[in-house]
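I have placed the structure first, in the form of structure tokens, so that the comments after it can refer back to it.
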Amino acid sequence: MKSSLILTKAFSKSAMNTRLGFLDVVSGSSQERYFSSLVPAQPVPPLAQTLQGYLRALEPLIPEEELVHTRKNIQKFCGEGGLGPQLQEGLERRARHSNNWISDWWVQWAYLESRQPLPVHSNPAISLPKRDFSDWRGQLVFASKLIAAALDFKNVVDNGRLPVEYMRGQPLCMELFPLLFSSCRIPGRKHDTITHHSRARHITVVRNYQFFQMDVYNSDGSRMTESQIHAQLLRIRAESWKTDKEPMGILTSEHRQTWGQAYSRLLKDKLNKESVRAIEKGLFTLCLDSPVMRVSDDKYSSRMAAQILHGGGTHSNSGNRWFDKTLQFVVGEDGSWGLLYEQATAEGPPIATLLDHILQYCKKPDPKKTPLIPLQMPKKLYFNIDREIKRDIEHAKQNLDILINDLDIRCFNFQRFGKELPKQHNLSPNAFIQVALQLAYYKVHNEVCASCDIASQRMFRGGRTDYIRSPTNQMLKFVLNFDDPSISREAKLELLREAIETYVTLTDQALKGQSIDRHLLGLKLQAIEEGLSVPRLFMDTAYGLATHWKLRTGQVPANTDSVMCFGPLVPDGYAVCYNPQSDHVHFSVTAFNCCEETQAETLAATLHSTLCQLQELLQPTV
């Protein structure tokens, strides 16, 4: 009997226990590997430390008179009679009685309660280097290899053969790996849920907006070979040549409340419910995209990233997506390919491990002989579309096209240097790039802004992420003095080192579970949990400014030339992802066209020139 686990409302005891329940899907032989006994519990940082760190983070962002007001709020919050110590005690109590004191709350607050559409706003996309094929035949051959590689990775996970990962000599929590497969987000009117099915034997394949349920295991339980998978994909292609089908996947791109309402209507019909459940239960989804309009070489990487991220629009391949699905592999006919993932049950590092396994697998010939077993025809998934569902689809198409047209994406490969240059000068490559981002933003907007970099918390049981904040006071000082001709090169180098060293310190604190943002969020949610009024500290203008992330950043350290991209967190902001290699760095920059002040192309060009200027600072030409 197939088991299914559902993550429900986090502000309840049932949700607190659900995360522990997720591990029940792992087979007994591998449970010990993935259970988090190797890693410690995530600590609750000291209250005074977090509030002091919060004040330091505000100093580069707000004027002194506003800081005075915030200091008074903090004194009231943590002083005698204030709510701070009571809420801190509640968090420490929660930490003693849960798998992780913040992760469930974070997933609920950041993802499941968010009502924004998943494409652009939430689901990250990873675009991989173009493969050497340019037609549908090569597309299907590679897709067969890709499926076999993903199944091989799942087998490694299921059998407990995936080595425990380490960071800085410390073991990392492996809980998320079993949840990559057969997981799906379920829309709701007020909040979403997550479902996970532990014994799925099929994937879903979508081509020309038509979904197919394709078994990937033989009757004896063995995985299908590449040639068997290829034969099934050929069958699917033959059955999906018509393009006059309703793009059902477009519904998953809607505002979550709207999709939740449409979802309830859709599942009233038995056939629709069976088809939707088949998609949700599948190990993952393969999207076989149709050809897109050719663009010049300098725009190709941006176009390819956009295709993976959102499908290019309703007249392109956006109907070939089910955005609720945790894993979606995308393969185009022109050699483009990549992965789109939903963040409630997946994160960058486990996805990077999966992709690295796939890339290594794809270098090898098919290791399995094809058995002489007749294969069942992949099952086409049908939908009964009444007038209401048709209306829902049309509205979703309009809204998605508006969203896609509003997003500006610029990808570029910076080739002057890579992570080795900062290393040669004993500087952290990540901190170096973060300083460059703040400097580039200042050059464009004549101010610094609240910026967040993602720090993994997987060194703790059930840990997810926290933020590394910038700018710091040291970073601001460097930025303000960088273009001053009266300041010597040596003085600027010293300011650069101070800015980088301060950022490295913040990174170290975050990796030890001592960053401030998840702690501040936990204090706020603990007040709600206890039925108290939200403390004034979180109603302050300064807190709103400090959490208005105009610069959303993320390093994607991968072993290949991949490019990750996602949309900004705020309408007047940017998102910048970067993948530093030894002698070059891949960047993606996104912004919304609706904001006249932000242009992805301008920030990308300024970032490029800023990096060149920093190189000149480190290595002046004679």
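Summary table
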| quantity | calculated |
| --- | --- |
| Cleavage-rule hits, GluC sites (Glu not before Pro), the range 58-135, DSSP coil, Cβ neighbours within 10 Å at most 12 | Glu80 |
| Gln376-Asp132 FRET efficiency (beta carbon distance; Förster radius 30 Å; 0.05 resolution) | 0.40 |
| Folded to 0 to 90 degrees: helix 348-361 orientation relative to the chain principal axis, Cα | 50 degrees |
| Between 0 and 90°, nearest 10: helix 136-158 axis offset from the chain longest Cα axis | 70 degrees |
| Alpha-carbon centroid distance for the pair the range 490-559 / the range 120-146, whole angstrom | 36 Å |
| Spatially proximal lysines relative to Lys270 (Cα-Cα < 28 Å; intrachain offsets below 8 disregarded) | Lys2, Lys9, Lys190, Lys242, Lys245, Lys281, Lys325, Lys379, Lys380, Lys390, Lys397 |
| Per residue value of the accessible surface for the chain (all protein chains in place, 1.4 Å probe), Å² | 41 Å² |
| Those lysines that a straight Cα-Cα span of less than 25 Å connects to Lys363, excepting residues fewer than 8 apart in one chain | Lys130, Lys145, Lys154 |
| Residue (of Leu495, Thr505, Ile454) at the positive-pole extreme of the range 415-530, dipole from beta-carbon charges | Ile454 |
| Residue-averaged 222 nm ellipticity for the chain, from DSSP H runs of 4+ at -39500 (n - 2.57), nearest 500 | -13500 deg cm²/dmol |
| Carbon plus sulfur fraction of accessible area for the range 275-404, probe 1.4 Å, in percent | 54 percent |
| Binned Cα-Cα distances of the chain, short to long, each 20 Å bin given as a whole percent | 19, 53, 26, 2 |
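The values are calculated or read from the model by the stated rules, or taken from the named source; none is laboratory data. Since we're looking at a predicted model, the values are computed, not measured. Ideal geometry is used to build each Cβ from the backbone, glycine not excepted, and the neighbour counts take in all protein chains shown. Note: areas computed on protein heavy atoms with side chains; ligands, DNA, RNA excluded. Shrake-Rupley method; radii C 1.70, N 1.55, O 1.52, S 1.80 Å.
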